[in-house]
1. I'd like to check something: does segment 100-108 contain any residue that is under 18 Å from the mean Cα position of the chain (by Cα) and crowded, with 20+ Cβ neighbours inside 10 Å?
2. Give the residues of segment 22-49 that are free of Cβ contacts under 8 Å to residues at least 60 places away in the same chain and crowded, with 23+ Cβ neighbours inside 10 Å, sorted by residue number.
3. Suppose we filter segment 129-188 for residues that are in a loop (DSSP other than H, G, I, E, B) and of a type outside the set (A, V, I, L, M, F, W, C); how many remain?
4. From (1) among the small types (Gly, Ala, Ser); (2) closer than 16 Å to Leu98 by Cα; (3) at pLDDT below 95, pick out the condition that doesn't hold for Ala153.
5. Could you say which residue among Ser116, Ser123, Ser81 is modelled with pLDDT under 95, on the phi < 0 side of the Ramachandran plot, among the small types (Gly, Ala, Ser) and surrounded by fewer than 17 Cβ atoms within 10 Å (Cβ to Cβ)?
6. Give the number of residues within segment 53-103 that are polar (S, T, N, Q), under 20 Å from Lys164 (Cβ atoms) and in a loop (DSSP other than H, G, I, E, B).
Amino acid sequence: MVRRGPSAAVPALPHLVGGSLCLDFVNTVDPRHTTDRHEYLVSYSTLVTWSAYAGAITTQDARRMRELGRRLPVEAHEVLSRAIKLRESLYRLFSSGLKQAKPSPGDIRCLNRELSHALAEASVAFSAKGPSWVWAASRPSLDRMLWPIVRSAADLLVEGRATKVRECPGDETCGWLFLDLSKNSTRRWCEMRTCGNRAKARRHYARILGSSNLAT
């Protein structure tokens with residue numbers, strides 16, 4: 001993740017630091033808490049690209065979905081709009097837990113509406129590795145990438161792991177979410193090499209400045 005500045009280049013895809021597919025999906029704006037933020041999902045094609053990169057769909061799925069999106073541009077744009085709405089609802093749902101606040105009924109409805117679509121396409125398959133969830137493969141679908149994302153969010157909430165979700169305070173604008181699975185629940189930053197290192201640099205500079213002021 002690279003913070004934008006006057007001459008900073010924005011990376012093609014955001015780093016996957018959330019520890020859960022749904023949190024990485026929430027982190028597709030950078031930084032979150034500013035009007036001058038980079039939006040990674042600017043088109044249906046970029047939504048498909050990110051979904052394949054994050055493992056929500058296969059590269060074969062991505063090729064089929066891009067072709068379908070070119071043939072059905074209006075419907076593809078509707079899926080993009082649903083994805084953005086879902087992303088923002090998921091952010092508010094998980095961040096409300098951080099604030100010990102009651103989730104918004106509208107955000108719960110958004111999650112459950114997408115979950116009902118997803119579960120209609122899910123089934124259990126049996127293999128040598130045991131039973132597992134699989135998604136319908138008989139037909140291409142423009143919203144296929146939303147199915148594993150919304151299931152990831154529902155699992156995180158229902159299994160109780162949402163209590164381990166943290167929000168990065170980097171530069172007071174980052175706002176990326178991640179699962180804190182550290183031994184003592186002490187992880188603070190989305191990435192040490194970005195937000196964490198900046199905070200260390202600011203503290204170092206403050207100490208130098210403080211020492212300089214004392215000397216004078």
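1. So far as segment 100-108 goes, no, none of its residues is under 18 Å from the mean Cα position of the chain (by Cα) and crowded, with 20+ Cβ neighbours inside 10 Å.
2. Asp24
3. Count: 20.
4. All conditions pass for Ala153, except number (3).
5. Result: Ser123 is the single residue among Ser116, Ser123, Ser81 that is modelled with pLDDT under 95, on the phi < 0 side of the Ramachandran plot, among the small types (Gly, Ala, Ser) and surrounded by fewer than 17 Cβ atoms within 10 Å (Cβ to Cβ).
6. 1
Here's the yes/no breakdown for (1) within 30 Å of Tyr44 (Cβ to Cβ); (2) basic (Lys, Arg); (3) modelled with pLDDT of 85 or more; (4) surrounded by 11 or more Cβ atoms within 10 Å (Cβ to Cβ):
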position: Glu159; (1), (2), (3), (4): no, no, yes, no
position: Asp171; (1), (2), (3), (4): no, no, no, yes
position: Met192; (1), (2), (3), (4): no, no, no, yes
position: Arg203; (1), (2), (3), (4): no, yes, no, no
position: Ile208; (1), (2), (3), (4): no, no, no, no
position: Thr216; (1), (2), (3), (4): no, no, no, no
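Here is a yes/no grid of residues against (1) of a type outside the set (A, V, I, L, M, F, W, C); (2) free of Cβ contacts under 8 Å to residues at least 60 places away in the same chain; (3) within 14 Å of Met65 (Cβ to Cβ):
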{"residue": "Ala118", "(1), (2), (3)": "no, yes, no"}
{"residue": "Val124", "(1), (2), (3)": "no, yes, no"}
{"residue": "Gly130", "(1), (2), (3)": "yes, yes, no"}
{"residue": "Trp135", "(1), (2), (3)": "no, yes, yes"}
{"residue": "Arg139", "(1), (2), (3)": "yes, yes, yes"}
{"residue": "Val150", "(1), (2), (3)": "no, no, no"}
{"residue": "Leu157", "(1), (2), (3)": "no, no, no"}
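The values are calculated or read from the model by the stated rules, or taken from the named source; none is laboratory data. Since we're looking at a predicted model, the values are computed, not measured. All Cβ positions, even for glycine, are placed from backbone atoms using ideal geometry, and neighbour counts span all protein chains on display.
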